[in-house]
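Asker: The structure follows.
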Amino acid sequence: MQKLKLIIEREYLSIVGRKSFIFMTILIPIAMVLCFAVPIGIAYLNDSGSDVQTVAVLDETGRYGGAIDDSDLYRFVPMTADSVGDPHEFYRQADGAIAAVVVIPADVDSSLQVTVYSDNTINAALKMHIDDCMSDTLTGTRIASYGVPGLQKMIEDSSVNVDVKGVKWSTDGSETETSTEIAMILGMVLSLITYMFVLMYGAMIMNGVIEEKTNRIVEVMASSCKPFQLMMGKVIGVGLVGLTQVAIWVVLLGILTAVGGSMLGLSSMGSAAELPTMATTPATTMPIDPDVAGVLQQVMNINFGYIIGCFVLYFIGGYLLFAALFAAFGSAVDQASDASQFTTPIMLIMVIALYAGIACAENPSGPMAVWCSMIPFTSPIVMMVRLPYEVPLWQLALSIAILFATAILTVWLAARIYRTGILRYGKKNSFKDIVKWIK
Amino acid sequence: MENFIEVRDVVKQYVGHLALDHVSMNVPQGSIYGLLGPNGAGKTSLIRIINLITRADSGEVLLDGHKIAESDVSQIGYLPEERGLYKKMKVGDHIVYLARLKGLSRVEARSLMEQWLERFELSEWRDKKVEALSKGMQQKVQFIATVIHRPRLLIFDEPFSGFDPVNAEQLKREILALRDEGSTILFSTHNMESVEAICQQISLINHSRVVLQGDVAAIKQSHKKNIIAVDLAGDETLAPNDALYTLLPREAGSRESLIRLNAGVTMREAIGWLNEHCHLAGFHEILPSMNEIFINTVKLNQHAEA
């Protein structure tokens with residue numbers, strides 16, 4: 001045990017002390033926050049930085065000149081055909097003072113077509129704005145043309161949007177509101193974490209084993225401790241590194257979102273004069289939007305203790321299973337480039353598991369979801385997707401039992417392969433050789 | 001002298017290849033024992049069995065009279081032929097790590113590490129990464145890691161390879177010092193000069209079998225061909241004597257004449273006769289070098305198998 005502890009300690013410290021580890025650990029949460037912050041920031045800069053542009057509206061009908069409202073970015077100036085003459089000539093003479101010319105043709109009521117001219121590609125926001133305004137106006141004109149009093153209101157009243165609420169009955173009859181979307185997102189996030197973690201750290205273990213082998217330090221190590229201790233020390237040490245990394249990420253992400261969130265919140269409050277309730281209320285007593293409150297309530301309704309507990313179990317089981325395989329395969333090759341014949345099947349299984357997980361999110365109680373959450377190679381990923389939807393207890397227990405039984409068996413097999421593999425040099429080994437080593 | 005290591009009838013079979021075929025040998029306590037043999041003969045297989053990296057299929061290894069077991073690992077120090085260290089670790093940390101794996105406490109390992117680094121003039125490198133060291137210095141670090149836990153059995157596989165003559169000399173002194181302190185040393189090599197210089201006994205392994213075994217001096221005696229180099233004063237030439245010896249062609253550039261004694265003739269008889277009939281300036285017996293014995297034995301072995 002003392003030796004195992006020493007090996008774990010060395011593995012852990014040797015990775016955590018690396019510059020690349022520190023770099024990755026700090027960089028990834030920043031990158032993730034940037035992923036969210038950059039589009040928001042860019043949109044903000046885009047809106048705030050540019051000047052209002054003038055667009056000429058040439059209304060050939062003489063009725064829709066004011067139909068297009070000014071927006072934050074564009075001012076629309078109605079013109080008549082007499083004052084403009086040829087639109088292109090008019091645009092050229094304006095010499096940049098006009099960004100575009102909108103032509104509303106005389107037959108717009110029947111053709112439903114409006115044209116925007118410019119010497120540039122027409123900006124999508126401008127097109128959308130014109131579309132919205134003209135559609136509303138023309139719809140209004142058409143409704144009015146039927147001559148039915150109050151038709152506009154009737155149509156508005158008859159258009160409904162049904163809100164489907166998921167409510168879960170628990171055994172004691174109490175009701176809790178659930179959200180399929182939140183459950184789905186949570187499930188996907190958990191399965192992605194498992195997927196990433198297993199692949200990243202599995203590869204790290206394999207490279208570590210190959211490095212020891214090419215270094216020939218393994219011969220000295222083998223004369224000091226059992227190969228099993230060496231392998232498990234690596235697996236556990238690297239696993240702890242992963243947990244450390246995830247823990248740092250959670251903390252960093254929390255801090256960054258808090259900081260980033262408050263900065264964005266402040267800046268939007270400053271510019272959002274049209275939201276007087278938000279701007280005038282102090283942040284501490286800010287009334288929460290009812291929709292947000294509903295989502296928050298639904299988030300709170302998720303049984304996090306249960307999900308995190310299961311996540312940790314599946315995570316450990318899945319990690320052990322794949323880490324042992326990576327260690328065994330690492331021991332069978334002399335250099336990393338030879339490892340692909342062994343890693344490709346693992347990658348395939350992982351990708352299949354990930355896709356199965358995505359598919360199962362649609363139907364988390366279907367036969368495929370149930371089967372894939374029983375097969376130990378896919379269960380750590382697929383079960384994560386199913387977890388937020390309350391999996392029957394017997395399925396959960398059976399799946400965990402199968403996973404751990406397989407993981408222990410795999411560790412045992414891997415140790416036998418490892419024991420032989422680490423001392424074999426200079427020969428390319430195939431799956432057939434590896435099977436021989438197990439005996 | 002008591003045997004510290006006894007290898008009894010060890011057999012090791014790998015897939016499609018017999019690595020050790022009923023090998024036995026006894027290594028006396030406190031001696032330096034040479035394990036010789038061409039590449040692929042089975043030396044490394046035997047070493048791995050003795051230091052518990054692998055297990056024999058049959059036969060046993062006794063250490064100090066008891067069957068060798070996992071707990072004996074701390075009594076063995078092993079310097080493999082293929083050296084290797086964790087490149088990214090600091091020299092001091094690395095030595096302490098390996099010492100602690102052999103059962104030393106952190107404090108003990110630290111203080112011994114300091115002493116050994118001092119002894120090999122590596123103290124200033126203690127906090128440098130292993131990869132920053134030259135190959136020779138890395139070899140020294142590895143040597144320290146091998147002996148730091150004061151093992152009673154030391155196994156050196158080609159210890160001198162990669163050392164320059166000055167460092168090889170220092171290493172040899174250290175090895176002899178370790179023997180004088182009571183360690184038993186198993187020494188695997190191709191380098192026959194070093195065998196003659198430091199080994200008391202040897203086993204020569206070829207094609208998985210022990211083909212020659214015993215005391216180095218005795219082996220040389222038993223392989224001698226009764227050749228005597230005779231130096232005569234002045235330009236005098238050696239007179240033939242068919243009853244006692246045969247004249248051999250003189251080696252180019254040598255003043256000495258070579259004679260092979262006839263069967264049943266002792267050196268004393270021949271020298272006595274020569275002393276009476278010529279002006280004898282000097283003589284000495286030509287013993288075969290271990291190198292010759294090695295090559296001849298291996299060749300003979302190959303002929304026998306073919």
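Asker: Students often forget the sequence filter, so: which aspartates and glutamates lie under 20 Å Cα-Cα from A:LYS432 once same-chain residues fewer than 8 apart are removed?
Answerer: A:ASP334, A:ASP338
Asker: Can you give me the relative contact order of the stretch B:225-286 as a percent, contacts being Cα pairs under 8 Å and 6 or more apart?
Answerer: In percent, rounded to a whole number, it is 50.
Asker: Turning to a different aspect of this structure: Show that you can apply the helix-only estimate: for chain B, add -39,500 (n - 2.57) for every DSSP H stretch of four or more residues, divide by all residues, and state [θ] at 222 nm to the nearest 500. Can you show the working numbers first?
Answerer: Numbers: 9 runs with 103 residues, N = 306.
Roughly -10500 deg cm²/dmol at 222 nm, from the helical runs in chain B.
Asker: Any idea how far the Cα center of the stretch A:306-379 sits from the one of the stretch B:70-122, in Å?
Answerer: After rounding, the separation between the Cα centres reads 39 Å.
Asker: Arrange A:GLU212, B:GLU181, B:GLU158 by Cβ neighbour counts within 10 Å, fewest through most, would you?
Answerer: Numbers: A:GLU212 22, B:GLU181 9, B:GLU158 18.
By the 10 Å Cβ count, ascending: B:GLU181, B:GLU158, A:GLU212.
Asker: Starting from the Cα of A:VAL164, step 7 Å toward the Cβ, then list every residue of the stretch A:389-415 with an amide N under 19 Å from that point.
Answerer: A:389-390
Asker: Now a separate question. What FRET efficiency would be calculated for the residue pair A:MET154, B:ASP64, taking the C-beta separation as r and a Förster radius of 60 Å, to the nearest 0.05?
Answerer: With a Förster radius of 60 Å, E is 0.05.
Asker: For chain A, what is the mean residue ellipticity at 222 nm derived from helices alone (per DSSP H run of n ≥ 4: -39500 (n - 2.57); sum divided by total residues; nearest 500 deg cm²/dmol)?
Answerer: On the way: 18 runs with 298 residues, N = 439.
So the calculated ellipticity at 222 nm is -22500 deg cm²/dmol.
Asker: Return the lysines within reach of A:LYS3: Cα separation strictly under 25 angstrom, same-chain partners fewer than 8 residues apart disregarded; answer none if there are no such residues.
Answerer: Within reach: A:LYS213, A:LYS226, A:LYS234, B:LYS67, B:LYS87, B:LYS88, B:LYS90, B:LYS102, B:LYS128, B:LYS129, B:LYS140.
Asker: Which angle between 0 and 90 degrees, to the nearest 10, do you get for helix B:91-101 versus the longest principal axis of chain B when only C-alpha atoms count?
Answerer: With both axes taken from Cα atoms, the answer is about 90 degrees.
Asker: In a GNM of chain A with a 10 Å cut-off on Cα contacts, which of A:LEU325, A:LEU45, A:LEU112 has the highest mean-square fluctuation?
Answerer: Result: A:LEU112 has the largest fluctuation of those listed.
Asker: In percent, how large is the relative contact order of chain B, given Cα pairs closer than 8 Å and 6 or more residues apart?
Answerer: Relative contact order here is 20 percent.
Asker: Could you let me know the centre-to-centre spacing of the stretch A:78-107 and the stretch A:189-241, using Cα atoms, in angstrom?
Answerer: For the stretch A:78-107 versus the stretch A:189-241, the Cα centre distance is 71 Å.
Asker: Next question. How would the stretch B:225-286 be classified by its alpha-carbon gyration tensor: rounded, prolate or oblate, with rounded meaning a/c under 1.5 and the a/b versus b/c comparison settling the rest?
Answerer: Oblate shape, in that a/c is at least 1.5 and b/c is the bigger or equal ratio.
Asker: Gaussian network model of chain B, Cα springs within a sub-10 Å range: biggest mean-square fluctuation belongs to which of B:ASN206, B:ASN262, B:ASN51?
Answerer: Of the options given, B:ASN262 has the highest mean-square fluctuation.
Asker: To continue, here is another question. Would you mind ranking B:THR54, A:THR61 so that the residue whose beta carbon has the fewest other beta carbons within 10 Å leads the list?
Answerer: Fewest-to-most Cβ neighbours within 10 Å comes out as A:THR61, B:THR54.
Asker: What's log10 of I(q)/I(0) for the protein assembly as shown at q = 0.06 Å⁻¹, Debye sum over Cα points only, no solvent?
Answerer: After summing over all Cα pairs, the log10 values are -0.64.
Asker: Sticking with this structure for a sec: How are the Cα pair distances of the stretch A:321-426 distributed, in percent, across 5 Å bins from 0?
Answerer: P(r) for the stretch A:321-426, in whole percents per bin: 2, 13, 19, 18, 15, 12, 9, 6, 3, 1, 0.
Asker: With a length cut of 24 Å (Cα positions projected on each helix's long axis) and a Kyte-Doolittle mean of at least 0.0, go through chain A and give me the DSSP H helices that pass.
Answerer: Span-like helices in chain A: A:19-49, A:124-145, A:180-215, A:227-271, A:304-331, A:340-362, A:393-421.
Asker: Sticking with this one: Quickly work out the B:LYS88-to-B:ALA197 label distance, labels modelled 7 Å from Cα along the C-beta direction, and quote it in nm with one decimal.
Answerer: 3.9
Asker: Over all directions, how big on average is the projection of the convex hull of the alpha-carbon atoms in chain A, in square nanometres?
Answerer: It is 33.3 nm².
Asker: Follow-up question, since we're still on this one. Going by how many other beta carbons lie within 10 Å of each one, how would you line up A:TRP249, A:TRP371, fewest first?
Answerer: By the 10 Å Cβ count, ascending: A:TRP371, A:TRP249.
Asker: Okay, moving on. Distance in nm between label sites at A:ASP107 and A:LEU253, each 7 Å beyond Cα in the beta-carbon direction?
Answerer: 5.8
Asker: Specify the angular offset, from 0 to 90 degrees and rounded to the nearest 10, of the alpha carbon long axis of helix B:135-147 from the longest principal axis of the alpha carbons in chain B.
Answerer: The two axes meet at around 80 degrees.
Asker: What's log10 of I(q)/I(0) for the stretch A:51-139 at q = 0.15, 0.24 Å⁻¹, Debye sum over Cα points only, no solvent?
Answerer: Log10 of I(q)/I(0), two decimals: -0.50, -1.34.
Asker: First measure r as the distance between the Cβ atoms of A:ALA144 and A:ARG92, then evaluate 1/(1 + (r/R0)^6) with R0 = 35 Å and state the FRET efficiency to the nearest 0.05. Intermediate results must be reported in sequence, preceding the final value.
Answerer: On the way: r = 38 Å, r/R0 = 1.09.
Approximately 0.35, to the nearest 0.05.
Asker: Another question about this same structure. Can you give the relative contact order of chain A as a percent, counting alpha carbon pairs under 8 Å and 6+ residues apart? Walk me through the intermediate numbers first.
Answerer: Working: 472 pairs, mean separation 79.5, N = 439.
18 percent.
Values quoted throughout were computed directly from the atomic coordinates according to the rules given, and no laboratory measurement underlies them. It should be emphasised that the depicted structure is a prediction, and the values quoted were computed from it without experimental measurement. For neighbour counting, all protein chains shown are included, and Cβ atoms are generated from backbone atoms with ideal geometry for every residue, glycine included.
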